[in-house]
Amino acid sequence: MRMDLVLELSDTPGQLVSSLLPFKELGANLVTVIHQRDYKNENGKIPVQITVKGEKENLEKIIESIEEMGIRILKVNGSLKTVKLSTILIGHVIDTDVRDTVDQLNAMDNVTVTTMEVKFNNEEKSSGLITVEMALGLRNQVLNKINEIAASKDLLVINEI
C-alpha cells in the first residue's frame, strides 16, 4: 500500500531524521521526501511531504508512532487531519489578558491558535477574532474551552463564523 503524508516539523537539527525513525522501525519504504526549509507555515514550522510504501497495518502504526512523538500530521493521502475554527470574543478582550486566552487554548493537546485579530471601538471595549487549528475530533472540546474562558472573563462569544 502507498501512503502520502504531510508532517509539520520544527526547523531544528535532527527533527527530520527523528521523524523518519518509525518508517525504518516498522519496515516501510520511503518513496519521496520533500523538505523545503525555506518555506514555513504560519506556525513557523516546515511542512514535509512524505510518500511511503508498506503493509497497511504497519502504515497505521507509523501514523500512531509519529503522533506519539508529538509531531503533527497535517494530511494523510490528501485528506486534512486538522481543521480550523474561527470565533469572535466581544468585551474587554485586551483588558482581560489576551495572552492568557491564547495560552490557555495553546495548552490544549493538538490545538494551536493561528491568528488573533483585535478591534477597538470608542467605548474602550474590544473584540477579537481568534482562529484555532486543531486535530480532527476536537471541535467540541475547543468550543467548550473557548466558552469557559469567555465566561470567566465576562466576554460574549460568537462561535463558528
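Does segment 22-42 hold any residues that are free of Cβ contacts under 8 Å to residues at least 12 places away in the same chain and more than 21 Å from the chain's Cα centre (by Cα), and which are they? Outline the logic, then answer.
Initially, segment 22-42 is screened for residues free of Cβ contacts under 8 Å to residues at least 12 places away in the same chain, giving 24, 36, 38-39.
Residue satisfying the conditions is 24 alone.
Looking at segment 124-144 only, could you name the residues that are under 16 Å from the mean Cα position of the chain (by Cα) and either among the polar types (S, T, N, Q) or not in a strand (DSSP E or B) (or both)? Talk me through it step by step, then tell me what you get.
Here is the first cut: in segment 124-144, the residues under 16 Å from the mean Cα position of the chain (by Cα) are 130-143.
Scanning segment 124-144 gives 131, 136, 137, 138, 139, 140, 141, 142, 143.
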Among 77, 110, the single one that is under 30 Å from residue 52 (Cβ atoms), crowded, with 16+ Cβ neighbours inside 10 Å, of a type in the set (S, T, N, Q) and touching an Asp or Glu at 6+ places or on another chain (Cβ under 9 Å) is 110
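Being at pLDDT 90 or above, surrounded by 14 or more Cβ atoms within 10 Å (Cβ to Cβ) and over 15 Å from the mean Cα position of the chain (by Cα): is that true of residue 158 here? Reasoning before the result, please.
Working: at pLDDT 90 or above: yes; surrounded by 14 or more Cβ atoms within 10 Å (Cβ to Cβ): no; over 15 Å from the mean Cα position of the chain (by Cα): yes.
For residue 158, the condition - at pLDDT 90 or above, surrounded by 14 or more Cβ atoms within 10 Å (Cβ to Cβ) and over 15 Å from the mean Cα position of the chain (by Cα) - is not met.
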Out of all the residues in segment 27-37, which are surrounded by 14 or more Cβ atoms within 10 Å (Cβ to Cβ) and at pLDDT 90 or above? 28, 33
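Only one of these is surrounded by 12 or more Cβ atoms within 10 Å (Cβ to Cβ) and under 25 Å from residue 9 (Cβ atoms): 115, 101. Name it. Lay out the reasoning, then the answer.
On the way: 101 fails: under 25 Å from residue 9 (Cβ atoms).
Sole residue among the options that is surrounded by 12 or more Cβ atoms within 10 Å (Cβ to Cβ) and under 25 Å from residue 9 (Cβ atoms): 115.
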The residue that is modelled with the highest pLDDT, considering only those in segment 75-100 that are polar (S, T, N, Q) and farther than 28 Å from residue 63 by Cβ, is 87
Of the residues in segment 38-55 that are touching a Leu at 6+ places or on another chain (Cβ under 9 Å) and either modelled with pLDDT under 85 or of a type in the set (Gly, Ala, Ser) (or both), the one that is farthest from residue 7 (Cα to Cα) is 54
Just need a number here: residues in segment 85-98 that are surrounded by fewer than 17 Cβ atoms within 10 Å (Cβ to Cβ), within 18 Å of residue 144 (Cα to Cα) and under 23 Å from the mean Cα position of the chain (by Cα). 1
Members of segment 1-17 found to be closer than 14 Å to residue 31 by Cα and surrounded by 12 or more Cβ atoms within 10 Å (Cβ to Cβ), listed by number: 1, 3, 4, 5, 6
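The values are calculated or read from the model by the stated rules, or taken from the named source; none is laboratory data. In this text the structure is predicted, and so the values were computed from the model without any measurement. Backbone-built Cβ (ideal geometry, glycine too); neighbour counts: all protein chains shown.
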